[in-house]
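**Student:** Sharing a structure here in structure tokens format.
The values are calculated or read from the model by the stated rules, or taken from the named source; none is laboratory data. Please read all numbers here as calculations on a predicted model, not as lab measurements. FYI the Cβ positions are ideal-geometry reconstructions off the backbone, even for glycines, and counts take in every protein chain you see.
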Amino acid sequence: MPDAERIVANSVLPARRESLRLRTSDGLSLVAELALPADAAPVATIVCVHPLPTHGGMMDSHVLRKMAWRLPALADVAVLRFNTRGTTSAAGTSEGGFDEGRGEGLDLLAAIAEVGACGLPDPWLVGWSFGTDVILRHGNVDPIVGAILLSPPLRFSTDNDLESWAASGRSLTCLVPELDDYLRPDAARERFAVIPQAEVVGVDGAKHLWVGETAVSIVLGEIVARVAPEKAPLPTTWSGEMTRWSDL
């Protein structure tokens, strides 16, 4: 057994990674990737919805990419990422164009359908910034277990969306940076108070973009504590195969 190495920003742990094309109900083809545990059955599934594509958000936005790099190995969690309509990453460009959180709901439903078609267990949604609005508007559907929102700005979501989540009883956790540019913890607690089951977790010192390994580790740890609690806390070292991504 090799010596354990510390997991750092560009560490890529083993997984079965599959490039996919998702097909939406309005006929668009979306770029996607599914990362599965290398040699185990997944215990849970995460569907990621990225930040605002008009401001650089995509399936490779750093927190989401690090979920796919680490969680299949560290927590036996499957991670599905995709580019919403009109969004480009290194894997390619999804068809269509940005639709301010409306058509992107069909994109999310296509990803959820893919999870079902693959027979993946216990699907959770994880959205970041714009992705949180897409989830609040369109992700309150079966078989979703719950959602985790990173830096929710509540820009496109309505009171009706929040009331719908309240009525569903689905788990909802909001990770809100202390220094967020749009919605800070106290304001978030006030806005999400309409959802009795919503948990708002303020993260000291963090900013909207979750820059830095400390912030990323907090986010991934909080996610796993809810999605696969038996796998928490996440280790900070890895003794197996580990590669390093070169573009960070």
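**Student:** Does any residue of region 221-235 turn out to be more than 20 Å from the chain's Cα centre (by Cα) and at pLDDT 95 or above?
**Tutor:** The answer is no; no qualifying residue exists.
**Student:** Scan (1) hydroxyl-bearing (Ser, Thr, Tyr); (2) outside any helix (DSSP H, G or I); (3) closer than 20 Å to MET59 by Cα for the single condition THR132 breaks and write down its number.
**Tutor:** (2)
Residues checked against (1) under 23 Å from VAL219 (Cβ atoms); (2) in contact with a Leu (Cβ under 6 Å, 6 or more places away or on another chain); (3) not hydrophobic (A, V, I, L, M, F, W, C):
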{"position": "GLY27", "(1), (2), (3)": "no, no, yes"}
{"position": "ILE46", "(1), (2), (3)": "yes, no, no"}
{"position": "SER61", "(1), (2), (3)": "yes, no, yes"}
{"position": "MET67", "(1), (2), (3)": "yes, no, no"}
{"position": "ALA73", "(1), (2), (3)": "yes, yes, no"}
{"position": "VAL77", "(1), (2), (3)": "yes, yes, no"}
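**Student:** Return yes or no: is SER168 over 18 Å from the mean Cα position of the chain (by Cα), surrounded by 15 or more Cβ atoms within 10 Å (Cβ to Cβ) and polar (S, T, N, Q)?
**Tutor:** For SER168, the condition - over 18 Å from the mean Cα position of the chain (by Cα), surrounded by 15 or more Cβ atoms within 10 Å (Cβ to Cβ) and polar (S, T, N, Q) - is met.
**Student:** Within the bounds of region 51-73, is there any residue that is buried (at least 21 other Cβ atoms within 10 Å of the Cβ), assigned to a strand (DSSP E or B) and of a type outside the set (Lys, Arg)?
**Tutor:** The answer is no; no qualifying residue exists.
**Student:** Sticking with this structure for a sec: Are there any pairs, at least 6 apart or on different chains, whose C-beta atoms fall under 9 Å, with the first in region 88-110 and over 18 Å from THR158 (Cβ atoms) and the second surrounded by fewer than 15 Cβ atoms within 10 Å (Cβ to Cβ) and of a type in the set (A, V, I, L, M, F, W, C), and if so, which?
**Tutor:** Sorted first by the residue in region 88-110, then by its partner, the pairs are LEU109/VAL141.
**Student:** To continue, here is another question. Kindly indicate the residue of region 167-204 that is touching a strand residue (DSSP E or B) at 6+ places or on another chain (Cβ under 8 Å) and part of a loop (DSSP other than H, G, I, E, B) and also nearest to TRP124 (Cα to Cα) among those meeting that condition.
**Tutor:** Checked region 167-204; the qualifying residue nearest to TRP124 (Cα to Cα) is ARG170.
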